[in-house]
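A short write-up of the structure that comes next.
Laboratory data are not the source of any read-out in this text; all were calculated from the coordinates shown. Keep in mind that this is a model prediction, so the values were computed, not measured. As a convention, Cβ positions derive from the backbone with ideal geometry for all residues, glycine included, and neighbour counts pool all protein chains shown.
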Amino acid sequence: MVPVENYLALSGILFAIGVYGVLARRNAILVLMSIELMLNAVALNFVAFAVFMDPEQITGAVVAVFVITVAAAEVGLALAIVIRYFRMRATSNIDEAAALKW
Amino acid sequence: MRDYTLFIPEYWAAGAAVLIIAADILWPNMRRQLLAYLTAGAAVVYGGIALFYIQSDPESFMGLIQVDDFTTFFRVLGAGIIAVTAILSANHMQHRAGVLGEYYGLLLVAGIGLTFMAGARELLTAYIALEVLSFSLYILVGYMRRDVFSAEASLKYVLLGGFASAILLYGISIIYGVSGSTFYDAIAVGLADRGGDADIATIIGLMLVIGGVGFKVSAAPFHMWAPDAYQGAPLPITAFLSTASKAAGFALILRLFTASFVDDAEFWRWAIAGVAVLTMAVGNLVALQQTDLKRLVAYSSIGQVGYMLVVIAALGYGGREVGEQASSALLLHMVGYVISTLALFTALTAYYDRTGKDSSIRGIRGMAETQPYLALIITAALFSFAGLPFFAGFATKLFMFQASAEPELLWVIGVAIVASFVSLYYYLMVIRQMYLFEPEGGVQRFRLPPLVWVIATVLLLGILFIGIYPAPVFEIADSAVQPLFEVGADISP
């Protein structure tokens, strides 16, 4: 069996890439994709912990399913908001979203 | 126990939300204000049904959501917030958006999210309740279709909100890995089994959770979204944001930290104290330079969050006695803060609806002449924020800081008192605009709509009542926090 540390390392790397993407990317869609990466790291964490602690326990898997579902809803909502903003301003660059100062 | 009768108020609210959305579709020619009054009525009934659960024994749905006096407290508070917000929206949103059914429906749905955040005793449930509230708010903030500020505000809010949710979830996953459960009580047991060592994973998990919930209550340094979202949102939603999302956030923090993390306080209390100081400093200092009234209120509400976080730090530094006192003082302060904020926004919405001005501070020049009663209400609300005697903020802050006065926290409380003095300066700047300048742009003296007058008066009396005689509300708050401290009241499913 693959030791749990490997899964945690992978999830940590995924999460770090996601955080970097959110902070470094200036396109709203890419920021959203980075947030998705972070959520995938979370789901991986949950499944890995659940299997590692007790293969019979399903809490971790259930949480992972919920995380994926909520993430899908979140992306649907966020994309709608991005599209509406794009229609108004013809840009999805968040640096140009400066009508309100950050 | 699967007791489905625990959630009758939520069935009502969800049903009413669906019916309101359907009503708007079926009868598009209905008078648009009617939807607002229906929503307000539904919210009042929601709070009314919730009252039947007072003093009943704490009971939980399979250990996921607990219905006790604490939940009831936030049900009633949330219902009040929704009712006032809906009535404010009646005139304000009339011409600002095409379809309004979803707007009012989502207000009720957000209320359900608020309640379940207060009632949750399991992390996944708490997270989903939090997202129910947040998703509703993302949409509501951007509800003004043709307004570029509104679109931009909701864009920033949804991106930063998603980022914060991911951070919170990563923290939750680590807590789950360390403690082996997502139930609050079992987390406490799991963390205790660990032997109390300062292992790095627990600390990282706690910090990520604090960051995630800190974002929701807009504590510095996670506050960047608040001023933009507040400024871009429709005025009634600004009121809703600054009351409901903060009440919900603190409800979740109180229940989670008292149930799960209080035994490991030494790992997180310093972080909360630091965040509290930073939040008070940032909120009150940046508020000094604002020229937009909504942004000013946003920063002042960030400052208020700093005061409330002192209580959470006190939970960590003090024992159970201190925790109980401080938490009930926090709930009392929350009520005072909610009433003052709603009073402020009732007056502002009524004024801007009439004059059509934007939300710059200059816009309220000469209000004392054109509408002296509204000017009085705004003054009372701002004095309450600043904590002047005889207004709600004074009594509630006094209780809060007195209850939190642990030796290690005295310097934090000192900072809070200095911050209160600083805040008085910018509140007085606003009041000066109302009383010392002539009205601009030919605004004439005008009369208030009767319903707005009634709400404003009730809220004004509420500010004075809590300021002068807080004992009854304090007793309610005190009985509301008792279930939080009952050890093993209802452990896991």
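For residue A:53, the conditions (1) surrounded by 15 or more Cβ atoms within 10 Å (Cβ to Cβ); (2) touching a strand residue (DSSP E or B) at 6+ places or on another chain (Cβ under 8 Å) are fulfilled apart from (2). Within region B:140-164, the set of residues being more than 7 Å from chain A (Cβ to nearest Cβ), free of Cβ contacts under 8 Å to residues at least 60 places away in the same chain and either within 18 Å of the chain's Cα centre (by Cα) or assigned to a helix (DSSP H, G or I) (or both) comprises just one member, B:164. Residue count for region B:282-302 under the criterion of being part of a helix (DSSP H, G or I) and surrounded by fewer than 18 Cβ atoms within 10 Å (Cβ to Cβ): the result is 1. Residues in region B:396-409 that are more than 21 Å from residue B:283 (Cβ to Cβ) and either crowded, with 22+ Cβ neighbours inside 10 Å or more than 23 Å from the chain's Cα centre (by Cα) (or both): 5 in all. Looking at the structure I just gave you, is residue B:228 away from every other protein chain (no Cβ under 14 Å) and touching a residue at least 60 places away in the same chain (Cβ under 8 Å)? The answer is no for residue B:228. Taken over region B:128-139, the residue count meeting the criterion of being within 8 Å of another protein chain (Cβ to nearest Cβ) and not acidic (Asp, Glu) is 4. Does residue B:472 fit the bill of being exposed (fewer than 12 other Cβ atoms within 10 Å of the Cβ) and either touching a residue at least 12 places away in the same chain (Cβ under 8 Å) or over 23 Å from the mean Cα position of the chain (by Cα) (or both)? Against the criterion (exposed (fewer than 12 other Cβ atoms within 10 Å of the Cβ) and either touching a residue at least 12 places away in the same chain (Cβ under 8 Å) or over 23 Å from the mean Cα position of the chain (by Cα) (or both)), residue B:472 does not qualify. All conditions in (1) at the interface with chain A (Cβ under 10 Å from one of its Cβ atoms); (2) surrounded by fewer than 24 Cβ atoms within 10 Å (Cβ to Cβ); (3) over 29 Å from residue B:43 (Cβ atoms) hold for residue B:183, with the sole exception of (2). Selection of region A:50-93 for residues being in a loop (DSSP other than H, G, I, E, B) and facing chain B (nearest Cβ under 7 Å) yields an empty set. List the number of the failed condition for residue A:2; all other conditions in (1) β-branched (Val, Ile, Thr); (2) more than 10 Å from chain B (Cβ to nearest Cβ); (3) assigned to a helix (DSSP H, G or I) hold. Just one mismatch for residue A:2, condition (3).
Just one of (1) among the aliphatic types (A, V, I, L, M); (2) more than 8 Å from every other protein chain (Cβ to nearest Cβ); (3) crowded, with 16+ Cβ neighbours inside 10 Å fails for residue A:23. It is (3).
Looking only at region B:353-387, residues that are closer than 21 Å to residue B:455 by Cβ, more than 20 Å from the chain's Cα centre (by Cα) and assigned to a helix (DSSP H, G or I) come to 14 in all.
Pairing residues of region A:72-91 that are of a type in the set (Ser, Thr, Tyr) with residues that are part of a helix (DSSP H, G or I) and buried (at least 19 other Cβ atoms within 10 Å of the Cβ), at Cβ distances under 6 Å and at least 6 apart in sequence or on separate chains, gives A:85/B:151; A:85/B:155.
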